[in-house]
Amino acid sequence: MADSNFIDYVKILCRSGKGGAGSRHFHRAKYVPKGGPDGGDGGRGGHIILKGNSHMWTLLPLRYRRHIFAGNGQSGSGGRSFGKDGDDVIVDVPCGTVVFDAETGEFLCEVTYDGEEVKLLRGGRGGLGNWHFKSATNRTPRYAQPGEPAIEKSVILELKLLADVGLVGFPNAGKSTLLSALSAARPKIADYPFTTMEPQLGIVPYRDSRSFVMADIPGIIEGASEGRGLGLRFLRHIERNAVLLFMVPADADDIRHEYEVLLKELETFNPQLMDKQRILAISKSDMLDDELKEEIATMLPDDVPHVFISAVAQQGLTELKDMLWSAINDERNQIATPAITHRPLDGHHRVREEDEFIFENVPQPDVDGEEDWDEEGWDEEYDDDEYFEPDQP
Ligand SMILES: Nc1nc2c(ncn2[C@@H]2O[C@H](COP(=O)(O)OP(=O)(O)OP(=O)(O)O)[C@@H](O)[C@H]2O)c(=O)[nH]1
Ligand SMILES: [Mg+2]
């Protein structure tokens, strides 16, 4: 998958900025023999902020940005001068990006809509300068706070596509053909399994210039939830869809069984997917005559509405769009509300080729980073233990 443009998983090392040290300084001027403490406060370290961008649809730009470091705050100085705040880093991500801790797999945050800003790592606060510590009993405090340390974290960003309708079916069910018949998307179509290797989005025009978004994901096979086929990688893209359109081809041996296998895979992957509204489309029904359709209809599961379609012969497509549209607009299925909880990543999510791709042949970041602090005027005299615990006179 290394050549692909659709990247839905990246691992990045992030570090917020360290707070600048407070200054320990005394006012000195001609005829002012004891000017008193006037050391200013250190500046705040830069935050790392994620920002939703609806023009992005993959995490590709981040694949080549393995380290994201915010600026450190500068130290305060005499005359109660504040140190400059460190520069924040704003990282554009596609809507639907979910962030996990790469060490523990714990869910950290998500970005869902355009323009939404989420603070991933907070910059360290700057230390207070020595003039804050002057008191009646100690008029010449010789200490100031150091800045708060930076936070460093390795994170995994995962993209979960936000589409109204997700196509669910075995390989070769005709999913891509349907997407190309309904939208301007031109996915590759062929009569062998796993033609589609990465998700595709298409905008489906509907009556009165309304439209909805449909996602074609790679075919699912039995055992996909355990990683067989291309399954697991892509199942997460249907977590965020309002409606799931199951597709079983008319020439399947047992339509009901295929539907149940698909359902079972989704349930094993994430039981919450069972709460989504489903529609069953019998694809390639140009191969059926009316009599056969009636016969098949009696054998279909009755907990799901069904429709016979043929993308090639353009049959049943209007009826299908009507069904999808009313399901999408059903209040219970609005994308904004479904509370899908992002389960923590487990071990086998993390050990993947992408990790190697990112971290192979790349010099590991300088984690101790002492020089960095010196550049920004970090005062060696203070150690972190001293923070917020100035010696009392
Ligand atoms: N007769 C008929 N054939 C169809 C129809 N829709 C798709 N096909 C054929 O079925 C085969 C598979 O179609 P695709 O759209 O690539 O199937 P897919 O579900 O996207 O398959 P994967 O991407 O491999 O998961 C192709 O040879 C299509 O021409 C249809 O409505 N009628
Ligand atoms: Mg396909």
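Rundown of residues vs (1) of a type in the set (A, V, I, L, M, F, W, C); (2) surrounded by fewer than 24 Cβ atoms within 10 Å (Cβ to Cβ), yes/no style:
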residue: 138; (1), (2): no, yes
residue: 143; (1), (2): no, yes
residue: 146; (1), (2): no, no
residue: 151; (1), (2): yes, yes
residue: 167; (1), (2): yes, no
residue: 173; (1), (2): yes, no
residue: 179; (1), (2): yes, no
Does residue 185 meet the test of being farther than 30 Å from residue 106 by Cβ and in contact (Cβ under 8 Å) with a residue 24 or more places away in the chain?
-> yes
Quick one: in the range 212-240, which of the residues that are more than 12 Å from ligand 2 (Cβ to nearest atom) and modelled with pLDDT of 85 or more is surrounded by the fewest Cβ atoms within 10 Å (Cβ to Cβ)?
-> 213
Mind checking which residues of the range 18-67 are closer than 30 Å to residue 201 by Cα, assigned to a loop (DSSP other than H, G, I, E, B) and not aliphatic (A, V, I, L, M)?
-> 54, 55, 57, 58, 64, 65, 66
Has the range 182-198 got at least one residue that is at pLDDT below 90, surrounded by fewer than 23 Cβ atoms within 10 Å (Cβ to Cβ) and not in a loop (DSSP other than H, G, I, E, B)?
-> no
For the range 265-318, the count of residues that are surrounded by 13 or more Cβ atoms within 10 Å (Cβ to Cβ) and of a type in the set (D, E, K, R) equals 7
Only residues in the range 310-325 that are away from ligand 1 (no atom under 14 Å from the Cβ) and modelled with pLDDT of 90 or more count as the first member; pair them with residues that are among the β-branched types (Val, Ile, Thr) and in a loop (DSSP other than H, G, I, E, B), Cβ under 9 angstrom, at least 6 apart or cross-chain, and list the lot.
-> 319/309
Note: among 224, 144, 136, 150, just one is hydrophobic (A, V, I, L, M, F, W, C), in the same structural domain as residue 60 (by TED's automatic domain parsing) and over 30 Å from residue 14 (Cβ atoms), namely 136
Restricting the range 82-113 to residues that are more than 15 Å from the chain's Cα centre (by Cα) and surrounded by 17 or more Cβ atoms within 10 Å (Cβ to Cβ), the one nearest to residue 236 (Cα to Cα) turns out to be 89
Can you name the residue in the range 27-56 that is out of contact with any Leu (no Cβ under 7 Å at 6 or more places or on another chain) and closer than 18 Å to residue 114 by Cα and, of all such residues, is surrounded by the fewest Cβ atoms within 10 Å (Cβ to Cβ)?
-> 55
Test set (1) within 16 Å of ligand 2 (Cβ to nearest atom); (2) under 29 Å from the mean Cα position of the chain (by Cα); (3) over 28 Å from residue 331 (Cβ atoms) - residue 172 fails condition number = (2)
Among the residues of the range 57-67, the number that are surrounded by fewer than 18 Cβ atoms within 10 Å (Cβ to Cβ) and of a type in the set (Val, Ile, Thr) is 0
Since residue 204 meets every condition but one in (1) more than 12 Å from ligand 2 (Cβ to nearest atom); (2) in contact with a helix residue (DSSP H, G or I) (Cβ under 6 Å, 6 or more places away or on another chain); (3) part of a loop (DSSP other than H, G, I, E, B), which condition does it not meet?
-> (3)
On the given criteria, is residue 213 in the same structural domain as residue 244 (by TED's automatic domain parsing), within 22 Å of residue 60 (Cβ to Cβ) and more than 16 Å from ligand 1 (Cβ to nearest atom)?
-> yes
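A quick yes/no check of all residues on (1) in a loop (DSSP other than H, G, I, E, B); (2) in contact (Cβ under 8 Å) with a residue 40 or more places away in the chain; (3) farther than 16 Å from residue 85 by Cβ:
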| site | (1), (2), (3) |
| --- | --- |
| 113 | yes, yes, yes |
| 119 | no, yes, no |
| 127 | yes, yes, no |
| 131 | no, yes, yes |
| 142 | yes, yes, yes |
| 155 | no, yes, yes |
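The values are calculated or read from the model by the stated rules, or taken from the named source; none is laboratory data. Everything numeric here is computed off the predicted structure, so don't read it as measured data. No Cβ is skipped: glycine too gets one built from the backbone with ideal geometry, and neighbour counts run over all protein chains shown.
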